[in-house]
Amino acid sequence: MRSRYRIEIEGIVQGVGFRPFVYRIAEEMGLTGWVTNTSHGVLIEVEGEGEALEAFAGHLERKAPPLANITSLAKHSLPTAGYRDFTIRGSIARPDSRVLVSPDTAICPDCRRELLDPEDRRCGYPFINCTNCGPRYTIINSVPYDRPNTSMARFTMCTLCRTEYDDPADRRFHAQPNACEKCGPRLQFRLADGSVLPGDPFMLTVTAIKQGKVAAVKGLGGFHLAVDPFNAQAVRRLRARKGREEKPFALMVRDLETARRLCKIKERSEGLLASTESPIVLLDKHPDPGLAIAAEVAPKSRYFGLMLPYTPLHTLLMEEFDTLIMTSANVAEEPLCADNDEAQKRLSGIADVYLVHDRDIVLRCDDSIVMPDGNSSGRGPVVLRRARGFVPAPVPLPMSGDPVLALGPELKGSVCLTRGNQAFIGQHLGDLKNLETLNFLREVVAHLMDILQVSPKALACDLHPDYLTSRLVEEGGENPWEEGLPVFRVQHHHAHILSCLAEHGVNEPALGLALDGAGFGTDGTVWGGEILLVDGTRMDRLGHMRTLWMPGGDQAVREPYRMALSCMVECRGRKDALKLAPVLFPEVPEGDMEILSGFVERRTNGMMTSSCGRIFDAFSAMLGICLFTSYEGQAAIELEMLTDPSVTDTLPFSVDFDRDGTAIVDLLPAFDAALDLHLAGEPLERLGGMFHRTLAAALAQALSACRETLNASERVQESIPMGGGVFQNAVFSEMIRRELSGRSLRPLLHRTVPTNDGGISLGQAVFALEALRKGF
Ligand SMILES: [Zn+2]
Ligand SMILES: [Zn+2]
């Protein structure tokens with residue numbers, strides 16, 4: 001019997017070739033009706049025999065195009081309308097938009113083939129794309145996703161491009177950025193003074209890089225600085241100009257084969273490298289690499305951060321080079337450069353030449369960073385920096401409510417805007433310590449509000465009163481959100497735990513572990529090694545790392561030897577610590593040690609902290625691994641990099657409850673013992689392994705002890721949600737996972753939401769949703 005279905009589909013279904021796909025299967029199955037884009041997604045009416053209609057609905061979900069992501073599919077039966085054919089109809093606009101914008105995606109195999117095919121009309125054209133690939137999020141001004149709402153609006157399609165665009169059977173049917181050499185964006189080569197040089201912009205750039213110059217190359221979400229990684233002098237010049245002493249640079253490699261020559265790669269990592277998200281993947285360096293990359297590219301690191309060419313321009317560049325440094329073009333922690341003239345201004349003194357083009361980047365978006373194995377036990381890939389390729393794909397939430405906006409933390413900033421039961425985490429913003437980054441935050445919020453068509457009803461920010469984001473909330477100004485909204489201030493580590501729970505779809509009370517560098521505590525001290533009982537907006541601090549003095553306050557973060565000295569004063573007393581200090585820290589003037597140890601003894605000039613990050617710093621510095629840092633987390637990273645993870649011995653530690661019943665995890669006995677071992681010549685690799693294992697064992701014991709103190713009436717999860725920058729440490733994550741499993745506790749670690757502060761905004765948003773629900 002003939003019948004008619006009306007099918008409504010929501011999710012990422014626009015700009016990904018969904019309507020041609022529907023058209024094709026309807027034609028193949030001999031069904032009639034129509035398909036159209038709406039502001040909710042895609043609407044289909046289809047007529048035919050009952051069985052064929054069921055099969056059609058099944059195909060929609062199972063055979064959807066690669067970039068489509070269906071979040072809901074609803075079908076209703078209707079009386080037949082007598083459609084005679086199947087057509088693609090024009091878009092229907094509705095007031096409340098729910099359609100999702102696709103993230104930017106890497107060049108697809110078809111476009112790549114055409115790009116390199118001398119017979120193809122787009123051979124060598126650096127802006128080739130189709131419905132399966134290309135820019136989306138970074139070129140959209142507003143929804144619906146139609147060409148006039150993108151930065152392609154100024155380019156009028158030539159007849160050939162227009163024909164493809166209009167043909168439902170074509171791979172470029174309604175590919176909004178569709179273009180060719182004749183009608184689309186073009187490259188331009190500029191010198192540092194802004195003058196435009198005639199000639200082939202692409203080849204001029206290639207020549208400049210080969211001469212050791214620093215080239216600023218405009219990509220998908222912003223500029224990269226491209227430098228020859230085999231030229232040590234060029235790499236050193238880049239470091240000096242960028243003010244980046246030791247933090248590793250990312251490399252773009254031509255293909256998987258080149259990646260395999262540089263790094264040890266498992267099959268799963270190959271999939272990650274070649275994925276549509278095309279992130280930077282942190283991979284173990286090959287012990288005997290087939291290519292002589294300059295040591296200055298990634299000093300003291302076990303990893304190379306590798307990515308494959310993900311735009312056609314990159315693909316062409318990588319035909320000329322097998323490996324290139326491609327590092328984000330920004331100054332220190334300022335946001336990425338995206339506009340041609342702005343880049344020229346801000347990169348002055350850094351870049352020698354510029355390869356630019358005339359397709360505007362509406363919104364900047366950095367490269368994402370992924371670690372293929374969060375630990376060796378197959379936790380799978382872990383996102384460390386969530387940006388291009390991932391944003392703005394939603395995170396499904398275990399709760400719903402009015403839209404809320406979370407402004408995130410200070411370092412590794414990101415925002416999070418919710419709509420119903422979906423959370424949209426914006427791209428990595430950088431450190432929110434300057435006006436540029438703050439303005440970038442406003443841009444991202446305004447853009448998210450626009451493409452999601454929502455306006456937040458409440459705000460969330462960090463508890464820290466001095467963060468720029470906290471002040472943004474108070475002082476108002478040029479903010480895209482309404483003034484006078486309710487504001488919820490969320491404790492940093494509370495947000496970490498909520499974020500981890502939300503990513504795993506859990507909305508129940510849980511005992512969590514938050515380990516990171518620093519967050520403002522509810523008692524006004526600096527936290528960072530916390531065992532928290534979290535139940536939505538409620539949080540109890542059941543345990544923490546023993547507090548230590550940070551002599552000189554924040555200066556101790558940049559000079560980890562200060563934390564080592566602090567630990568030594570606590571273990572051995574000031575006199576003995578001062579005797580050992582010149583042996584351990586020959587670079588530090590003895591007078592400084594005298595003063596700093598006095599701070600520790602008298603508890604002056606500094607602050608108390610329970611930070612786990614500072615414990616890592618102290619241990620790293622005490623072993624002489626890293627006394628001074630030039631980037632965040634350096635001392636801990638360098639300790640992890642040389643640690644032997646197979647070590648099973650532990651050092652002494654204690655877990656005790658203080659008078660208030662709070663569990664205190666004390667690692668000072670471990671420092672005391674390790675100091676003797678170190679002075680006796682114990683290898684650093686072994687000491688590192690013992691330290692990691694001891695910390696994991698101590699925390700697992702404390703978590704068990706805290707669980708036992710809980711009232712039987714408390715309905716607490718078996719799982720232990722964990723969050724904070726310390727869990728970026730793959731060696732430690734694996735050890736704590738095993739320790740917890742050994743105690744029948746189920747560790748819950750982040751996957752697609754960063755475990756570092758990049759994931760804080762999600763936790764803050766969850767807090768605000770819960771607070772609104774409770775009517776706070
Ligand atoms: Zn394509
Ligand atoms: Zn054209």
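The values are calculated or read from the model by the stated rules, or taken from the named source; none is laboratory data. In this text the structure is predicted, and so the values were computed from the model without any measurement. Here the Cβ is made from the backbone with ideal geometry for all residues, glycine too, and neighbour counts use every protein chain on show. Keep in mind that these areas ignore ligands, DNA and RNA; they rest on the heavy atoms of the full protein, side chains included. Shrake-Rupley method; radii C 1.70, N 1.55, O 1.52, S 1.80 Å.
Points to keep in mind about this one:
- Residue ranges of strands (runs of 3 or more DSSP E) in region 544-662 with at least 2 members over 34 Å from the mean Cα position of the chain (by Cα): 654-657
- Some residue of region 105-128 being open to solvent by 10 Å² or more (accessible area, probe 1.4 Å), touching a residue at least 24 places away in the same chain (Cβ under 8 Å) and away from ligand 1 (no atom under 16 Å from the Cβ): no
- Criterion: assigned to a helix (DSSP H, G or I) and crowded, with 23+ Cβ neighbours inside 10 Å - qualifying residue of S269, S278: S269
Conditions (1) under 28 Å from G763 (Cβ atoms); (2) in contact (Cβ under 8 Å) with a residue 24 or more places away in the chain, marked per residue:
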| site | (1), (2) |
| --- | --- |
| T662 | yes, yes |
| G681 | no, no |
| E685 | no, yes |
| N711 | yes, no |
| Q728 | yes, yes |
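- Among the residues listed as L695, L667, L651, the single one being at pLDDT 95 or above, surrounded by 15 or more Cβ atoms within 10 Å (Cβ to Cβ) and in contact with a Cys (Cβ under 8 Å, 6 or more places away or on another chain): L695
Yes/no matrix, rows are residues, columns are (1) open to solvent by less than 10 Å² (accessible area, probe 1.4 Å); (2) closer than 14 Å to T755 by Cα:
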| residue | (1), (2) |
| --- | --- |
| F488 | no, no |
| I497 | yes, yes |
| G505 | no, no |
| E508 | no, no |
| G524 | no, no |
| L533 | yes, no |
| T537 | no, no |
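- Subset of region 123-153 [basic (K, R) and outside any helix (DSSP H, G or I)]: R136
- Hits in region 585-612 - residues which are open to solvent by 10 Å² or more (accessible area, probe 1.4 Å) and within 25 Å of V726 (Cα to Cα): G606, M607, M608
- Region 731-776, subset within 24 Å of G401 (Cβ to Cβ) and of a type in the set (V, I, T), residue most open to solvent (accessible area, probe 1.4 Å): T752
- Residue in region 154-177 that is open to solvent by less than 10 Å² (accessible area, probe 1.4 Å), away from ligand 1 (no atom under 16 Å from the Cβ) and either of a type in the set (A, V, I, L, M) or not assigned by TED's automatic domain parsing to the domain that holds G199 (or both) present: no
- Which listed residue is assigned to a loop (DSSP other than H, G, I, E, B) and crowded, with 22+ Cβ neighbours inside 10 Å, from P287, P309, P299: P309
- Residues of region 615-632 that are farther than 16 Å from E246 by Cα and in contact with a Pro (Cβ under 8 Å, 6 or more places away or on another chain): D617, A618, S620, A621.
- Residue that is most open to solvent (accessible area, probe 1.4 Å), among those in region 178-192 that are away from ligand 1 (no atom under 16 Å from the Cβ) and touching a helix residue (DSSP H, G or I) at 6+ places or on another chain (Cβ under 9 Å): K182
- Among (1) more than 9 Å from ligand 1 (Cβ to nearest atom); (2) modelled with pLDDT of 90 or more; (3) not assigned by TED's automatic domain parsing to the domain that holds R6, the one test that Y83 misses: (3)
- Residue check, M157 under 17 Å from L220 (Cβ atoms), within 16 Å of ligand 2 (Cβ to nearest atom) and part of a loop (DSSP other than H, G, I, E, B): no
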